[in-house]
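A short worksheet on the structure shown next.
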Amino acid sequence: MYFWSYSFAWPVVEWPLVLLTIFLAVAFLPSIVAFVRGHHNRYAILILNILLGWTVVGWALALVWSLTAVWRKSGPAAYET
């Protein structure tokens, strides 16, 4: 009986970790998008996301900013492989 109660109890311990991971992924979505896209202002977006991301307006601004056009270097260095 002890074995069964233990085996049913362990998934309950993992749920807070799963929920925390999902929450952090959504909370830092603007920063993740900016870094994956190679945005030229990715560190500024990260700072905005950390400081104001807990507000809906700050998070939305960071997300919109991370989805704006990415500036690429022009010239010979931009075409190197």
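Residues are listed down the side, and each one gets a yes or a no for (1) of a type in the set (S, T, N, Q); (2) surrounded by 13 or more Cβ atoms within 10 Å (Cβ to Cβ); (3) at pLDDT below 85; (4) on the phi > 0 side of the Ramachandran plot:
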{"position": "Trp15", "(1), (2), (3), (4)": "no, no, yes, no"}
{"position": "Leu20", "(1), (2), (3), (4)": "no, no, no, no"}
{"position": "Phe23", "(1), (2), (3), (4)": "no, no, no, no"}
{"position": "Leu52", "(1), (2), (3), (4)": "no, yes, no, no"}
{"position": "Thr68", "(1), (2), (3), (4)": "yes, yes, no, no"}
{"position": "Ala77", "(1), (2), (3), (4)": "no, no, yes, no"}
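Any residue at all in the range 25-42 that's at pLDDT 95 or above, among the β-branched types (Val, Ile, Thr) and either out of contact with any helix residue (DSSP H, G or I) (no Cβ under 8 Å at 6 or more places or on another chain) or surrounded by fewer than 13 Cβ atoms within 10 Å (Cβ to Cβ) (or both)?
yes
Filter the range 23-59 down to the residues that are in a helix (DSSP H, G or I) and among the aromatic types (Phe, Trp, Tyr), then identify the one that is farthest from Trp71 (Cα to Cα).
Phe23
The values are calculated or read from the model by the stated rules, or taken from the named source; none is laboratory data. All values reported here derive from a predicted model rather than from experimental measurement. No Cβ is skipped: glycine too gets one built from the backbone with ideal geometry, and neighbour counts run over all protein chains shown.
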